[in-house]
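Presented below is the structure to which this report refers.
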Amino acid sequence: YFHRTELTASRFLDDPFARGKRMYATGDRVRQLTDGSIEFLGRADFQVKIRGYRIELGEVESAFTRVAGHSEVVAVAHNFGNEDLRLVLYYVSANAVETATVRNAMRELVPDYMVPAMFVRMDRFPLTDNGKIDRKALPAPVRDEAASSASVKQPQTPSEATLVTICEQVLGASTVGTDDDLLDIGADSIHLFQITARATQKGLPLTAKLIWSHRTVEKICSAMTAASARSEEHTSELQSHHD
């Protein structure tokens, strides 16, 4: 674990079956049945699996603390429906953090798939009778709707309008502004391919690479327009040489 020597030591243990070797403690809880097969019972720690990636929630919390300076923090994997798991980070603070700034800083410490899709500020965490944070009692995350529709940058072209609608459908967001960073509002690699597939069906020459490179609907559509213009120019040149 990167820069986490204590966590590394607790996970990579001496192998009792091979001298000098190590075994990885996965954190999976299992039991062996009488026929010798293994039954998976769940997790014994706070490691989760999202989009095929195993994520240690403690690492996400540590990265946020280093960036934002808040020590009261809890990361969870929240199911937004249809097995759409996303990282959500809850933190206690008098003031809300600037999410775009925090995300960019966290990307310097952890991979993109470990950057939370949403940040939720709280005055205090709910506690169990034992005084521990009650993760089950944390409020369901809700996209910030405080901003009025007038403050959301509206589509200026048909392609922007089409792509905004597709992004809202795929991400389950009620409003997507054309200047919203799609990765910052929850889009991951699976979402990008879903957006690309739907855009292609609508006749938009969109690729996942374009989304990764430009990230907002406005910039993506501008890039598509420029790419189409270059393609048409190249075709015209070829036709001219042929004539």
**OP:** Considering only residues that are more than 17 Å from residue 125 (Cα to Cα) and surrounded by 11 or more Cβ atoms within 10 Å (Cβ to Cβ), look in the range 80-96 and name the one that is modelled with the highest pLDDT.
**Re:** 87
**OP:** Just one of (1) closer than 23 Å to residue 126 by Cβ; (2) at pLDDT 90 or above; (3) of a type outside the set (Asp, Glu) trips up residue 37, so point out which.
**Re:** (1)
**OP:** Write out, first by first residue and then by second, each pair whose Cβ atoms fall under 7 Å of each other, whose residues are 6+ apart or on separate chains, and whose first residue, in the range 47-70, is within 16 Å of residue 190 (Cβ to Cβ) and outside any helix (DSSP H, G or I) while the second is small (Gly, Ala, Ser) and open to solvent by less than 40 Å² (accessible area, probe 1.4 Å).
**Re:** 48/77; 50/77
Subject >> Every pair of residues 6+ apart whose Cβ atoms lie under 6 Å, when the first sits in the range 186-207 and is in contact (Cβ under 8 Å) with a residue 12 or more places away in the chain while the second is among the aliphatic types (A, V, I, L, M) and surrounded by fewer than 18 Cβ atoms within 10 Å (Cβ to Cβ) >> reply: 192/208; 193/208; 196/208
**OP:** With the checklist (1) part of a loop (DSSP other than H, G, I, E, B); (2) at pLDDT below 90 in hand, flag the one item residue 109 doesn't pass.
**Re:** (2)
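The rows are residues; the columns are (1) among the acidic types (Asp, Glu); (2) in contact with a Phe, Trp or Tyr (Cβ under 7 Å, 6 or more places away or on another chain); (3) at pLDDT 90 or above; (4) not in a helix (DSSP H, G or I).
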{"site": "183", "(1), (2), (3), (4)": "no, no, no, yes"}
{"site": "187", "(1), (2), (3), (4)": "no, no, no, yes"}
{"site": "196", "(1), (2), (3), (4)": "no, no, yes, no"}
{"site": "199", "(1), (2), (3), (4)": "no, no, yes, no"}
{"site": "204", "(1), (2), (3), (4)": "no, no, yes, yes"}
{"site": "213", "(1), (2), (3), (4)": "no, no, no, no"}
{"site": "220", "(1), (2), (3), (4)": "no, no, yes, no"}
{"site": "225", "(1), (2), (3), (4)": "no, no, no, no"}
{"site": "230", "(1), (2), (3), (4)": "no, no, no, no"}
Original post:
If you check residue 121 against the conditions, is it closer than 25 Å to residue 181 by Cα, of a type in the set (D, E, K, R) and surrounded by 10 or more Cβ atoms within 10 Å (Cβ to Cβ)?
Top reply: yes
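The values are calculated or read from the model by the stated rules, or taken from the named source; none is laboratory data. Computed from a prediction, not measured in an experiment: that's the story for all the values here. Here Cβ is always computed from backbone atoms with ideal geometry, including for glycine, and neighbour counts include all displayed protein chains. Note: areas computed on protein heavy atoms with side chains; ligands, DNA, RNA excluded. Shrake-Rupley method; radii C 1.70, N 1.55, O 1.52, S 1.80 Å.
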